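Let me begin by presenting the structure, written as structure tokens, before commenting on it.
The values are calculated or read from the model by the stated rules, or taken from the named source; none is laboratory data. All values derive from a computational prediction rather than experimental measurement. A quick note on method: Cβ atoms are made from the backbone with ideal geometry, for glycine too, and the neighbour counts reach across all protein chains shown. With ligands, DNA and RNA removed, areas are computed over all heavy atoms of the protein, side chains included. Shrake-Rupley method; radii C 1.70, N 1.55, O 1.52, S 1.80 Å.
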Amino acid sequence: MRFVVVTGMSGGGKRTALKLLEDAGFYCVDNLPVSLVEKFVELIAMPGSEISKVALGLDVRADQNFMDATRILEQLKEKGYKFEILFMDSDDAALIKRYKETRRVHPLAADGRVEDGIHKERKILETIRKNSDYVIDTSNMKTAQLWAEIKHLLTSDETSDTFIIN
């Protein structure tokens, strides 16, 4: 089974990456409560499961401590579950521009300043970014370029279950 955790900066392209993975035949789940992640992994890893490719989106928007997600992923690794972490990133200027264009509030910008929310989020995600298998910087990417990058990253790893994204 191929299991990819998609995480990263708010506005960095996680949802787009999940849509692309879904188009490639992945069973995708976004914003699963952190308390259910371990049970979810146990269910999809059961022998005889028909699901062979799974992508799980995790981000700081959920009303929970993201450090719990990091801890649970470490526990899963210790139990022998194999997964890859795809971290979606973008530079601050691109994130600020995206938030201004959509007029959405950054999930961690309590005072309304997008810059403050981005700074807090980078600090929270620092550890998981360092431990990620892949980091994609979407600062100057179009969707077609992101598709090509995801295809390249996920099909170039010969040690994982091989699949081709068409």
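Taking 1.567 mPa s as the viscosity and 4 °C as the temperature, the Stokes-Einstein diffusion coefficient of the chain based on its alpha-carbon Kirkwood radius rounds to 79 µm²/s. Scanning the chain for GluC sites (Glu not before Pro) lying in DSSP loops with no more than 11 further Cβ atoms inside 10 Å, the longest uninterrupted stretch between such sites is 51-157. Our note on the geometry: Cα centres of region 97-136 and region 31-85, 21 Å apart.
Applying a threshold of 31 Å to the alpha-carbon distances of Lys19/Lys123; Lys82/Lys120; Lys79/Lys100; Lys130/Lys151; Lys82/Lys151; Lys39/Lys130 flags Lys79/Lys100 as lying beyond it.
Hydrodynamic radius of region 66-119 by the Kirkwood approach over all distinct alpha-carbon pairs: 13.4 Å. For Val5, the residues whose amide H sits under 5 Å from its own are Leu56, Glu84, Ile85, Leu86, ignoring neighbours fewer than 5 places away on the same chain, with H placed 1.01 Å from N. Positive-end ranking of Leu43, Phe83, Ile96 along the dipole of region 1-136, with charges on Cβ about the Cα centre, is headed by Ile96. Each Lys and Arg contributes +1 and each Asp and Glu -1, all at the Cβ; summed about the Cα centre of the chain, the dipole is approximately 400 debye. Along each principal axis, taking the top coordinate minus the bottom one, the Cα set of region 65-158 gives 42, 33, 17 Å in descending order. Once the Kirkwood radius over Cα pairs is known for region 1-77, the Stokes-Einstein relation at 25 °C and 0.890 mPa s delivers a diffusion coefficient of 190 µm²/s. For the chain, carbon and sulfur atoms together expose 50% of the accessible surface, with a 1.4 angstrom probe and every protein chain in place. Here Leu36 and Val135 are evaluated by their C-beta separation; at R0 = 25 Å the FRET efficiency comes out at 0.45.
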